[in-house]
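Peer 1: This structure is in structure tokens; I'll ask about it shortly.
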Amino acid sequence: MFAVHLHDNMGINDDHLAPGEGMVNWANVRDIIDASSYEGSYTLESDSAVIPAGRTPLEHLLLHYKGAKAMLFP
């Protein structure tokens, strides 16, 4: 394995939500990766193009950034 792409979803579709907006148990994912021999890179595959109503583009970007940071560096 040479790359891992991560995104959150609601368990039905390939939603590409920001980490923490879906149903993925990120602590469990992180523990599994940490217990493996994986030393490659991570790609956050979240959909920053679809911004929910009431959220500014900056708020949306920060949500994705903070979610990824919390997911990888608790």
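One line per residue, one yes/no per condition, for (1) of a type in the set (Val, Ile, Thr); (2) surrounded by 11 or more Cβ atoms within 10 Å (Cβ to Cβ); (3) in a loop (DSSP other than H, G, I, E, B); (4) modelled with pLDDT under 90:
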site: Gly20; (1), (2), (3), (4): no, yes, yes, yes
site: Asn28; (1), (2), (3), (4): no, no, no, no
site: Asp34; (1), (2), (3), (4): no, no, no, yes
site: Ser37; (1), (2), (3), (4): no, no, yes, no
site: Asp47; (1), (2), (3), (4): no, yes, yes, yes
site: Ile51; (1), (2), (3), (4): yes, yes, yes, yes
site: Leu63; (1), (2), (3), (4): no, yes, no, yes
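Peer 1: Could you tell me whether any residue of region 3-15 is open to solvent by less than 50 Å² (accessible area, probe 1.4 Å), in a helix (DSSP H, G or I) and either modelled with pLDDT of 90 or more or not hydroxyl-bearing (Ser, Thr, Tyr) (or both)?
Peer 2: no
Peer 1: Filter region 27-43 down to the residues that are touching a strand residue (DSSP E or B) at 6+ places or on another chain (Cβ under 8 Å) and of a type outside the set (S, T, N, Q) and list them by number.
Peer 2: Correct list: Val29, Ile33, Tyr38, Gly40, Tyr42.
The values are calculated or read from the model by the stated rules, or taken from the named source; none is laboratory data. Everything numeric here is computed off the predicted structure, so don't read it as measured data. Heads up, the Cβs are rebuilt from the backbone with ideal geometry, glycines too, and the neighbour counts pull from every protein chain shown. Surface accessibility is based on the protein's heavy atoms, side chains included, excluding ligands, DNA and RNA. Shrake-Rupley method; radii C 1.70, N 1.55, O 1.52, S 1.80 Å.
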